[in-house]
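Novice: The following block contains the structure, expressed as structure tokens.
The values are calculated or read from the model by the stated rules, or taken from the named source; none is laboratory data. Since the model is a prediction, treat every value here as computed from it, not as a measurement. Using ideal geometry, Cβ is built from the backbone for each residue, glycine included, and neighbour counts are taken over all protein chains shown. Calculation scope for accessible area: heavy atoms of the full protein, side chains included, ligands and nucleic acids excluded. Shrake-Rupley method; radii C 1.70, N 1.55, O 1.52, S 1.80 Å.
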Amino acid sequence: MNLANLTVNVRPLTSYQAIHLGLMMARHWFMPLWSLWWRRMLPVLVSIGMVLGALYYFNVLDHGVDSMVSFWMGVLLWWLKPYAEVPSVIYLSQKLFDKDYTPEQAWQQVRQLPTKHTLLLLSRHRLTLRRQILMPILLLEQQDQAHMKARLRVLSQSQGSGITWHTFVFSLLEIIGYIGLLVLLSQLVPQSWLAQGKWFAWLQQDPIWLQTLMYAVSMGVVSVISPFYIASGFGLYICKRSLLEGWDIELKFRKLTQRFEAMRVNQAFLDTGSEP
């Protein structure tokens with residue numbers, strides 16, 4: 001990690017300033033982060049869809065069971081969110097120090113990560129409200145369990161309510177985006193269908209295409225919000241780490257050293273030029 005190669009002006013900030021820095025990173029690198037999220041999550045969605053499609057095709061599920069399947073399907077997709085966020089954390093951590101770093105390089109690096117880290121994110125640490133800080137510690141620093149708890153405690157100190165509000169606000173944004181997009185799609189229903197009652201009759205039957213549409217809308221909203229959630233959480237982590245490790249002080253000393261070396265070279269040139 002060479003601080004001289006930093007592509008972002010990272011320095012000690014308050015938790016809300018760090019979140020704002022992360023939002024700016026997400027806006028600047030949105031497409032790579034968004035593509036990595038889908039590259040990780042799409043095979044899972046296709047696999048689940050194929051299983052459910054086969055169950056519906058062979059009439060294994062009846063209407064009473066369908067409601068339970070829909071509920072647990074939503075729980076499963078929510079539970080797998082950390083699995084989809086891993087490549088984005090790796091990309092951000094490398095992009096900070098290498099402007100030419102690509103999503104393909106991040107994907108190759110993700111494939112080399114120990115499986116146990118992802119399993120920990122999906123099991124023991126899934127319900128923590130500090131996941132945005134825990135993920136970089138687990139994936140980048142690769143601390144063991146005892147040191148990871150201490151590290152998480154240190155990096156969470158003096159963050160105020162920023163961590164809690166960060167998780168709450170982004171969860172609320174997902175809900176608002178989901179409902180808003182469903183309302184927008186409902187406006188596209190032909191008025192003739194509403195007048196004849198066909199639309200409400202289809203809704204009562206709870207067809208598979210409607211369930212698929214709702215899950216697609218949900219995943220679309222999550223995929224758009226996820227880069228901002230991950231990057232702003234990573235901003236909390238990296239700014240707190242810069243404070244603890246004195247990155248700003250080290251960078252200032254490096255700049256002073258460079259200025260001193262430049263002045264020394266100039267002085268040597270002037271002394272050489274003044275000789276008879």
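Novice: Go through (1) under 16 Å from the mean Cα position of the chain (by Cα); (2) modelled with pLDDT under 85; (3) open to solvent by less than 40 Å² (accessible area, probe 1.4 Å) one by one and return the number of the condition Gln159 breaks.
Specialist: Failed condition: (1).
Novice: I've got another one for you. Considering (1) modelled with pLDDT under 90; (2) surrounded by fewer than 17 Cβ atoms within 10 Å (Cβ to Cβ); (3) touching a helix residue (DSSP H, G or I) at 6+ places or on another chain (Cβ under 8 Å); (4) not hydrophobic (A, V, I, L, M, F, W, C), say which one Ser15 fails and leave the rest.
Specialist: (2)
Yes/no matrix, rows are residues, columns are (1) outside any helix (DSSP H, G or I); (2) closer than 18 Å to Met41 by Cα; (3) open to solvent by 30 Å² or more (accessible area, probe 1.4 Å):
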{"position": "Val69", "(1), (2), (3)": "no, no, yes"}
{"position": "Leu76", "(1), (2), (3)": "no, yes, yes"}
{"position": "Glu85", "(1), (2), (3)": "no, yes, no"}
{"position": "Ser88", "(1), (2), (3)": "no, yes, no"}
{"position": "Tyr91", "(1), (2), (3)": "no, yes, no"}
{"position": "Gln94", "(1), (2), (3)": "no, no, yes"}
{"position": "Gln108", "(1), (2), (3)": "no, yes, yes"}
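Novice: Can we say Leu134 is open to solvent by less than 40 Å² (accessible area, probe 1.4 Å), without any contact (Cβ under 8 Å) to a residue 24 or more places away in the chain, under 24 Å from His20 (Cβ atoms) and assigned to a helix (DSSP H, G or I)? Reasoning before the result, please.
Specialist: Working: open to solvent by less than 40 Å² (accessible area, probe 1.4 Å): yes; without any contact (Cβ under 8 Å) to a residue 24 or more places away in the chain: yes; under 24 Å from His20 (Cβ atoms): yes; assigned to a helix (DSSP H, G or I): yes.
In short, yes.
Novice: Report yes if Thr118 is touching a Gly at 6+ places or on another chain (Cβ under 9 Å), of a type in the set (Val, Ile, Thr) and in contact (Cβ under 8 Å) with a residue 12 or more places away in the chain, otherwise no.
Specialist: Details: touching a Gly at 6+ places or on another chain (Cβ under 9 Å): no; of a type in the set (Val, Ile, Thr): yes; in contact (Cβ under 8 Å) with a residue 12 or more places away in the chain: yes.
Against the criterion (touching a Gly at 6+ places or on another chain (Cβ under 9 Å), of a type in the set (Val, Ile, Thr) and in contact (Cβ under 8 Å) with a residue 12 or more places away in the chain), Thr118 does not qualify.
Novice: Follow-up. Of a type outside the set (A, V, I, L, M) and either closer than 26 Å to Gly22 by Cα or under 19 Å from the mean Cα position of the chain (by Cα) (or both): is that true of Trp72 in this structure?
Specialist: no
Novice: Assuming Arg153 fulfils every condition listed in (1) closer than 30 Å to Met214 by Cβ; (2) open to solvent by 60 Å² or more (accessible area, probe 1.4 Å) apart from one, which condition is it?
Specialist: (1)
Novice: Determine whether the range 32-48 contains at least one residue that is among the aliphatic types (A, V, I, L, M), more than 18 Å from the chain's Cα centre (by Cα), modelled with pLDDT under 95 and not in a helix (DSSP H, G or I).
Specialist: No, that holds for no residue.
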